[in-house]
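Just so you know, all these numbers are worked out from the coordinates, no wet-lab data involved. As the structure is a prediction and not an experimental result, all values here were calculated from the model. With ideal geometry, Cβ positions are generated from the backbone for all residues, glycine too; neighbour counts draw on all protein chains shown.
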Amino acid sequence: MILSIRRLGKQEIDHEMIWGAVILFVFAAARWFPFQTIHPPSCPWKMLTGYPCCTCGMTRSLLAFAQGNPVAALAWNPLIGMLAIAASIYFLYALVVLSLRLPRVRISLTGIRERNGIRLLILFAIVGNWVYLIIQGR
C-alpha cells in the first residue's frame, strides 16, 4: 500500500469534489426528506425466511445518523452507522482540501494480496453485520 499526498494532475478525477457532493446530498436527503410519510416495502428476504437480510435497518440507521443520533444509527445497522461516521469524516476532509486548495491524499494498493485482503475484510464486515442483525432480530 502506498500513501501519497500530492496535488491533482490536470486529467485526474477530483474524488473529493464528487464524493463530497454525494455525501452532502445523501445526508441532506436523509435529514430533510419526509421519509416518515412514505412506508418502504417490506423486505422480501425477511418475509420468506423470517431472518433479516444484511441491509435490514439501513435506512433507519442513516436517518438516525442524519438526525444527530449516531448511537441509534449504530444500533439499527452497525455497518451503515460506521460508514456514515466515516463518510462524515471524509466530507470534512474534502471540505478542507477543496476550500483551501490543499494537496490530496491518495492510497494505491500495490499487489493482489493487498486487494484480496481488502476484499476479505469487506466480506467479514458484511457477514459480521448480518450476524448482528440476526441476533438482534431486526
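Go through the range 35-129 and name the trypsin sites (Lys or Arg not before Pro) that are in a DSSP coil and have 16 or fewer other Cβ atoms within 10 Å of their Cβ.
Here the trypsin sites (Lys or Arg not before Pro) that fit, given the DSSP loop and packing criteria, are ARG101.
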Over the chain, what is the relative contact order in whole percent, taking alpha-carbon pairs under 8 Å and six or more residues apart?
39 percent
Residue-wise, which Karplus ³J(HN,Hα) couplings in Hz belong to the range 90-105, taking 6.51 cos²θ - 1.76 cosθ + 1.60, θ = phi - 60°, and x for glycine or proline?
4, 4, 5, 4, 4, 4, 5, 5, 6, 6, 9, 6, 8, x, 9, 8
Using θ = phi - 60° and the Karplus curve 6.51 cos²θ - 1.76 cosθ + 1.60, what whole-Hz ³J(HN,Hα) does each residue of the range 56-71 get, with Gly and Pro shown as x?
4, x, 5, 5, 5, 5, 5, 5, 4, 5, 5, 8, x, 10, x, 5
Which one of ASN77, ASN69, ASN116 has the biggest mean-square fluctuation once the chain is modelled by GNM with Cα springs under 10 Å?
ASN116
For a quick check, take a GNM of the chain with Cα springs below 10 Å and name the residue from PHE27, PHE65, PHE124 with the largest mean-square fluctuation.
PHE124
Subtracting the Cα-Cα distance of LEU121 and VAL22 from 0.36 nm times their residue separation yields 33.2 nm
ARG104 long-range amide H proximity, modeled H, under 5 Å:
ARG6, ARG7, LEU8
Short version: ³J(HN,Hα) in whole Hz for each residue of the range 22-29, in order, from phi by Karplus 6.51 cos²θ - 1.76 cosθ + 1.60 (θ = phi - 60°), x for Gly and Pro, what are they?
4, 4, 4, 4, 5, 5, 5, 5
